[in-house]
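FYI, it's all coordinate maths here, none of it is from the lab. Quick caveat: nothing in here was measured; it's all calculated off a predicted structure. Positions of Cβ are generated from backbone atoms using ideal geometry, with glycine treated the same way; all protein chains shown enter the neighbour counts.
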Amino acid sequence: MTPICTLPPFTPDGVLPPGDYQITLSDLRTSMLVMGPENRAQTWDTKQRLFLVDQLSILAGQLWRVGISNIFIDGSFVEEKDHPNDIDGYFVCDFDQLISGNLERHLNQLDPYKVWTWDPHSRKPYRGYPKKQLPMWHRYRVELYPHYGQSSGIRDKWGKELEFPSAFRQSRRDGTQKGILQIIRDSGDLP
């Protein structure tokens with residue numbers, strides 16, 4: 001895969017065509033996902049989308065600093081939705097580094113709010129939301145989950161539990177295949 005500057009248009013279902021699209025944070029900021037498709041310029045919430053990319057850049061930078069390079073994002077942010085509330089994603093990591101607590105510890109050394117945890121007990125309610133959210137969501141409106149080959153908790157239409165790579169590449173509404181973004185590092189992303 002080579003980095004791209006232009007994403008393909010949304011499908012009639014309002015998702016990216018199936019595939020993994022590599023993009024830098026700089027290119028994401030100027031992409032149709034932030035600036036909006038031409039037919040939606042009046043209702044597209046560019047300000048919210050720029051805010052979410054800025055928040056993602058903080059967390060992606062922390063992941064890059066600890067050696068994580070495979071970061072994928074999904075959710076309503078990469079769909080034809082005027083106002084996404086957040087960015088969902090996952091990153092590929094080493095099981096031993098995760099289970100030992102070293103990954104969480106190193107990430108929290110970088111984050112001033114210590115938001116890196118996936119402990120279900122750390123989830124807190126947020127007004128108007130049915131599910132409790134992780135600390136990183138409350139602070140950054142981004143949820144990034146570690147993936148080391150485990151199941152995601154998301155099931156396909158036959159009830160089979162999917163790993164993050166499969167789960168993130170299908171619509172939760174109807175199982176339609178869709179594209180996701182792989183965030184890649186640009187030379188200007190880290191000091």
Positions within region 31-50 being more than 24 Å from residue 13 (Cβ to Cβ) and loosely packed, with under 14 Cβ neighbours inside 10 Å, in sequence order
47
What pairs come up if the first residue lies in region 88-108 and is basic (Lys, Arg), the second is assigned to a loop (DSSP other than H, G, I, E, B) and surrounded by 16 or more Cβ atoms within 10 Å (Cβ to Cβ), and their beta carbons are under 9 Å apart, counting only those six or more places apart or on different chains?
105/116
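Quick check: anything in region 159-169 among the acidic types (Asp, Glu), closer than 16 Å to residue 62 by Cα and surrounded by 14 or more Cβ atoms within 10 Å (Cβ to Cβ)? Walk me through how you get there before you give the answer.
Narrowing region 159-169 to residues among the acidic types (Asp, Glu): 161, 163.
Imposing the further condition that a residue be closer than 16 Å to residue 62 by Cα reduces the set to none.
Checking region 159-169: not a single residue is among the acidic types (Asp, Glu), closer than 16 Å to residue 62 by Cα and surrounded by 14 or more Cβ atoms within 10 Å (Cβ to Cβ).
For every residue, the table says whether it meets (1) more than 16 Å from the chain's Cα centre (by Cα); (2) over 22 Å from residue 68 (Cβ atoms); (3) not small (Gly, Ala, Ser).
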{"position": "94", "(1), (2), (3)": "yes, no, yes"}
{"position": "99", "(1), (2), (3)": "yes, no, yes"}
{"position": "106", "(1), (2), (3)": "yes, no, yes"}
{"position": "132", "(1), (2), (3)": "yes, yes, yes"}
{"position": "137", "(1), (2), (3)": "no, no, yes"}
{"position": "141", "(1), (2), (3)": "no, no, yes"}
{"position": "169", "(1), (2), (3)": "no, no, yes"}
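Looking for whichever is over 19 Å from residue 60 (Cα atoms) and of a type outside the set (Phe, Trp, Tyr) here; the options are 146, 120, 135. Which one fits?
Details: 146 fails: over 19 Å from residue 60 (Cα atoms); 135 fails: over 19 Å from residue 60 (Cα atoms).
Among 146, 120, 135, only 120 is over 19 Å from residue 60 (Cα atoms) and of a type outside the set (Phe, Trp, Tyr).
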Among the residues of region 24-70, which ones are among the charged types (D, E, K, R) and under 13 Å from the mean Cα position of the chain (by Cα)?
49, 54
For region 32-58, pairs from a residue that is touching a residue at least 24 places away in the same chain (Cβ under 8 Å) and more than 24 Å from residue 17 (Cβ to Cβ) to a residue that is among the aliphatic types (A, V, I, L, M) and assigned to a helix (DSSP H, G or I), with Cβ under 6 Å and 6 or more apart or across chains, are 57/25
